[in-house]
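The values are calculated or read from the model by the stated rules, or taken from the named source; none is laboratory data. Quick caveat, the model's predicted, so the values are computed rather than measured. Note that each Cβ is placed from the backbone with ideal geometry, even for glycine, and that neighbours are counted across all protein chains shown. Only protein heavy atoms, including side chains, enter the accessible area calculation; ligands, DNA and RNA are left aside. Shrake-Rupley method; radii C 1.70, N 1.55, O 1.52, S 1.80 Å.
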Amino acid sequence: QVQLVESGGGLVQSGGSLRLSCAASGTTFGIFSMGWYRQAPGKQRELVATITSARSTTYRDSVKGRFTISRDIAKNTVFLQMNSLKPEDTAVYYCNVKKFHSDYWGQGTQVTVSS
């Protein structure tokens, strides 16, 4: 099992920045991808960014150039630096870890961007 603890959400004005962190603990051997998803009210959960053990990254188009995902492999921690935030970025952000054939999810952290 893998446990995920997220931090860093909050309320910020449009154009502001936030940094999310997610620390994985437990049986972390075999983790090959860590990332962030988000879910806004009334919408489906969507991928924001992922990073593999080889540090290959994927971003959804709407956050490219504004968000940066990074990973401290030794500490099993993934970060999401979010700059130039927009009201449409408002959502609950979930940390995700992929290990072998399983997905693990954090409890979610609220990000609210006011206009």
**OP:** For segment 61-115, compute Rh as the Kirkwood radius over C-alpha pairs and then the Stokes-Einstein diffusion coefficient at 10 °C and 1.306 mPa s; write the answer in µm²/s, rounded to an integer.
**Re:** 123
**OP:** Please give the per residue accessible area of the chain, computed with a probe of 1.4 Å over protein heavy atoms only, in Å².
**Re:** 52
Original post:
How large is the charge dipole for the chain, taken about the Cα centre, if only the Cβ atoms of Lys, Arg (+1) and Asp, Glu (-1) carry charge, to the nearest 20 debye?
Top reply: 180
Original post:
What is the set of long-range amide H partners of THR90 at a cut-off below 5 Å, with H atoms built 1.01 Å from backbone N?
Top reply: VAL113
Subject >> Candidate residues ARG55, ARG60: accessible-area rank, largest first, probe 1.4 Å >> reply: ARG55, ARG60
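So, with a 1.4 angstrom probe, what is the percent of accessible area on the chain that is carbon and sulfur?
50
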